[in-house]
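Peer 1: The structure is given below, and queries will be raised subsequently.
The values are calculated or read from the model by the stated rules, or taken from the named source; none is laboratory data. Predicted model only: the values in this text are computed from it and were never measured. Here the Cβ positions follow ideal geometry from the backbone for every residue, glycine too, while neighbour counts run over all protein chains shown.
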Amino acid sequence: MNQAACAIRRINENEIDNVVNINRECLPENYSRFFFTQMYKAFPQYFLIAEDKGEIAGYIMARTELSPTFLKFIKKLHIISIAVLPKHRRRGIATGLMETVEERAVKQGVEKIFLEVRVTNYPAIQLYKKLGYKITNILKGYYRDGEDAYLMEKEINPEKNLDHAMDARQTEIKEPTNAYLV
Ligand SMILES: CC(C)(COP(=O)(O)OP(=O)(O)OC[C@H]1O[C@@H](n2cnc3c(N)ncnc32)[C@H](O)[C@@H]1OP(=O)(O)O)[C@@H](O)C(=O)NCCC(=O)NCCS
């Protein structure tokens, strides 16, 4: 990424409208402003923007969730939404946003990161593959318009999980994210 021009940082509440607009410009189905605000309040450490000369060029929004396995619950990071404005693409901005939330998640004891992506969204699938995500399932009719999603996952090396400070409030999430599409 062009580090000199672009900074990645936490979003401020008064910048949520900018992100709502980027989401509407870049994606065919959109979350409500209410949902973005809820995410900002619950998971501010995973709601980041990339800023280029005062302009918000892209954002990422993610949250932690607890998932049952045979023996225990594991903490996962769910990438809910990421987008970069067309004029800022192919500069490594999405890569920088993904890597920044991944670093934060590793420090908080996350063992797996996952996301859903439209099966036709070639740029995003390429991005995730490049970052080490693997397609692990097809979610039939996941999107409102009926398109299928790939479930893509990345295992995190538990050796790197240094700080397991858990915030229970931030891990008790059960509702599916597509319930908030407008
Ligand atoms: C997907 C998206 C976030 C990528 O943002 P970006 O900042 O351009 O991505 P990067 O510059 O970090 O690209 C990293 C890698 O992803 C892949 N990639 C990104 N865009 C690509 C494209 N149009 N075609 C093929 N591969 C692409 C490449 O491997 C790229 O590495 P390279 O440039 O060295 O070849 C952006 O295209 C976007 O906002 N799309 C619309 C919203 C969206 O689909 N979000 C994901 C929903 S799941």
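Peer 1: State which residue is modelled with the highest pLDDT when the search covers only the range 150-179 and only residues that are more than 28 Å from Ser32 (Cα to Cα) and not in a loop (DSSP other than H, G, I, E, B).
Peer 2: Top of the filtered list is Glu155.
Peer 1: I've got another one for you. Mind checking whether some residue in the range 129-149 is among the hydrophobic types (A, V, I, L, M, F, W, C), over 16 Å from the mean Cα position of the chain (by Cα), assigned to a loop (DSSP other than H, G, I, E, B) and modelled with pLDDT of 95 or more?
Peer 2: Looking for residues that are among the hydrophobic types (A, V, I, L, M, F, W, C), over 16 Å from the mean Cα position of the chain (by Cα), assigned to a loop (DSSP other than H, G, I, E, B) and modelled with pLDDT of 95 or more, one finds none in the range 129-149, hence no.
Peer 1: Take the residues in the range 62-79 that are surrounded by 14 or more Cβ atoms within 10 Å (Cβ to Cβ), free of Cβ contacts under 8 Å to residues at least 40 places away in the same chain and of a type in the set (A, V, I, L, M), then tell me which one is nearest to Tyr31 (Cα to Cα).
Peer 2: Ile79
Peer 1: Given the options Leu85, Leu48, Leu77, name the one that is of a type in the set (A, V, I, L, M, F, W, C), near the ligand (Cβ under 8 Å from one of its atoms) and within 18 Å of Tyr128 (Cα to Cα).
Peer 2: Leu85
Peer 1: Considering only residues that are within 16 Å of the ligand (Cβ to nearest atom) and charged (D, E, K, R), look in the range 54-74 and name the one that is farthest from Lys154 (Cα to Cα).
Peer 2: Among those residues, the one meeting the criterion is Glu55.
Peer 1: Hey, another quick one. Scan the range 97-112 and report the pairs whose first residue is on the phi < 0 side of the Ramachandran plot and whose second residue is hydroxyl-bearing (Ser, Thr, Tyr) and within 13 Å of the ligand (Cβ to nearest atom), with Cβ atoms within less than 9 Å and a gap of 6+ or a chain change.
Peer 2: Listed by first residue and then by second, the contacts come to Leu97/Tyr59; Met98/Tyr128.
Peer 1: Among the candidates Tyr143, Tyr133, Tyr128, Tyr122, single out the residue that is among the aromatic types (Phe, Trp, Tyr) and either in contact (Cβ under 8 Å) with a residue 40 or more places away in the chain or on the phi > 0 side of the Ramachandran plot (or both).
Peer 2: Exactly one residue qualifies, and that residue is Tyr143.
To keep it simple, each residue is scored yes or no on (1) on the phi > 0 side of the Ramachandran plot; (2) out of contact with any helix residue (DSSP H, G or I) (no Cβ under 7 Å at 6 or more places or on another chain).
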position	(1), (2)
Glu13	no, no
Val19	no, no
Glu25	no, yes
Ser32	no, no
Leu48	no, no
Lys53	yes, yes
Ala57	no, no
Arg63	no, no
Phe70	no, yes
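Peer 1: Right, here's the next one. Which residue out of Glu15, Glu25 is over 26 Å from Arg144 (Cα atoms) and out of contact with any Asp or Glu (no Cβ under 6 Å at 6 or more places or on another chain)?
Peer 2: It is Glu15.
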